[in-house]
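K.L.:
I have a structure I would like to understand better, so I am pasting it below and will then ask my questions one at a time.
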Amino acid sequence: MAGVEENVVIGVGDCTVTLIPALGGKIASLRVAAEELLQAPLHPLAPRTRTMDFAASDASGWDECLPSVAGCTVETEAGPAVIPDHGDLWRVPWQVLQASQDSATMRASCFSLPLQLTRSLILTEAASGWRLEFLYSLTNLGAYRVPWAWSAHPLFAVEAGDRIVLPDAIQTLRLEGSGCNRIGVGGDSVSWPVTRQKDGSNTDLSLVGCPNTGIGDKLFAGPFAPAQPAWCALERTRIGLRLTVRFEPSLTPYLGLWLCYGGWPEEPGAKQFCVAPEPATAPVDSLRQAGPWSNWLDPGETLNWPMELLIDRIAKAS
């Protein structure tokens, strides 16, 4: 069994995935040949604390947000639970249960609530590229039922002119927040892909902007119906790749969409330039915000769900 101190690398052909168990099980690198597909670290990789803001970390790569994306306090049968920014799991070491050339399984436990997440990654080659399969298993290790919400947190590197594609049925999104309220305030419904900005002009949300535009928008699509295709694609024509996140709508019926073109962090320093398509169990960032999407897990109960990333070769921009 590998130790938590060792990086885990899996690969098939020209595609390699590097995970850092000691740093929240982070997928620190996803490469196809010489191209890095994930947001580079804003700060040097370093140990995290239980209370630091996500902006104080490297804010890069691919993490898991559990049991909430936004920091909040929720009531449980055991009393109030204080959940930090972006949840618990990106802050704690993960245990490596299995690692091979093309797969890895890791496990970690939350500290704010008695939840344990096991995540398996399986990388295979496909006719047009690669398939990275994710299998999740969540267990309540406690003696009381607990609320929870999960969101994947893949920060994909982008370039101006890249395009985000959603199923045709998605024509509106719920706005969680927008830097300087450029397209509205939290809770607003905005049209997709073209929506109106507060200055009265239209903007195409599906088109990646320049890194100096100061844009930072978080939106949600869904709920996706159980029979509805649930996916989001990022087309990167300069490097000739299409990245498609696919998920199971009966278990994870929402998609968070983080568009950041130099608009975050708000503090001086390096900024994100990325798009994050985030399959999720809820259309809000805070576990405290209850609704028909709210989930509870009974003592000893386990819930499983899948997700996958397709990396397909497409024609390069001329």
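K.L.:
Of everything in region 208-230 that's exposed (fewer than 14 other Cβ atoms within 10 Å of the Cβ) and among the aliphatic types (A, V, I, L, M), which residue is farthest from T252 (Cα to Cα)?
P.N.:
Out of the qualifying residues, it is A227.
K.L.:
While we're looking at this one, here's another question. Out of the strands (runs of 3 or more DSSP E) lying entirely within region 43-110, which hold 1 or more residues that are charged (D, E, K, R) and touching a Gly at 6+ places or on another chain (Cβ under 9 Å)?
P.N.:
In region 43-110, the matching strands (runs of 3 or more DSSP E) lie at 62-65, 103-109.
K.L.:
If you don't mind, another one. Given the conditions (1) within 25 Å of P41 (Cα to Cα); (2) surrounded by fewer than 16 Cβ atoms within 10 Å (Cβ to Cβ); (3) not small (G, A, S), report the number of the one that M106 does not fulfil.
P.N.:
(2)
K.L.:
Does W258 fit the bill of being among the aromatic types (F, W, Y), in contact (Cβ under 8 Å) with a residue 40 or more places away in the chain, in contact with a Cys (Cβ under 8 Å, 6 or more places away or on another chain) and on the phi < 0 side of the Ramachandran plot?
P.N.:
yes
K.L.:
Sticking with this structure for a sec: So how many residues does region 203-246 have that are touching a strand residue (DSSP E or B) at 6+ places or on another chain (Cβ under 9 Å) and either outside any loop (DSSP other than H, G, I, E, B) or of a type in the set (G, A, S) (or both)? Reasoning before the result, please.
P.N.:
Just the residues of region 203-246 that are touching a strand residue (DSSP E or B) at 6+ places or on another chain (Cβ under 9 Å), to begin with: 203-224, 229-237, 239-246.
Imposing the further condition that a residue be either outside any loop (DSSP other than H, G, I, E, B) or of a type in the set (G, A, S) (or both) reduces the set to 203-204, 206-207, 209, 214-222, 230-236, 240-246.
Qualifying residue count for the region: 28.
K.L.:
Going through G184, G200 one at a time, which residue ends up being assigned to a loop (DSSP other than H, G, I, E, B) and touching a strand residue (DSSP E or B) at 6+ places or on another chain (Cβ under 6 Å)? Full working, then the answer.
P.N.:
Numbers: G200 fails: touching a strand residue (DSSP E or B) at 6+ places or on another chain (Cβ under 6 Å).
Every option except G184 fails the conditions.
K.L.:
If I ask for residues that are of a type outside the set (A, V, I, L, M, F, W, C) and in contact (Cβ under 8 Å) with a residue 40 or more places away in the chain, which ones from region 29-55 would you list?
P.N.:
Passing the criteria: E35, E36, Q39, H43, R48, T49, R50.
K.L.:
Sticking with this one: Mind listing whichever residues of region 1-29 are assigned to a loop (DSSP other than H, G, I, E, B) and modelled with pLDDT of 95 or more?
P.N.:
Residues satisfying the conditions are N7, G13, D14, G24, G25.
K.L.:
Now, a different point. Of the residues in region 151-169, how many are touching a residue at least 40 places away in the same chain (Cβ under 8 Å), outside any strand (DSSP E or B) and surrounded by fewer than 19 Cβ atoms within 10 Å (Cβ to Cβ)?
P.N.:
Residues that pass the stated criteria total 5.
The values are calculated or read from the model by the stated rules, or taken from the named source; none is laboratory data. Quick caveat: nothing in here was measured; it's all calculated off a predicted structure. Every residue, glycine among them, receives a Cβ derived from its backbone with ideal geometry; neighbour counts consider all protein chains shown.
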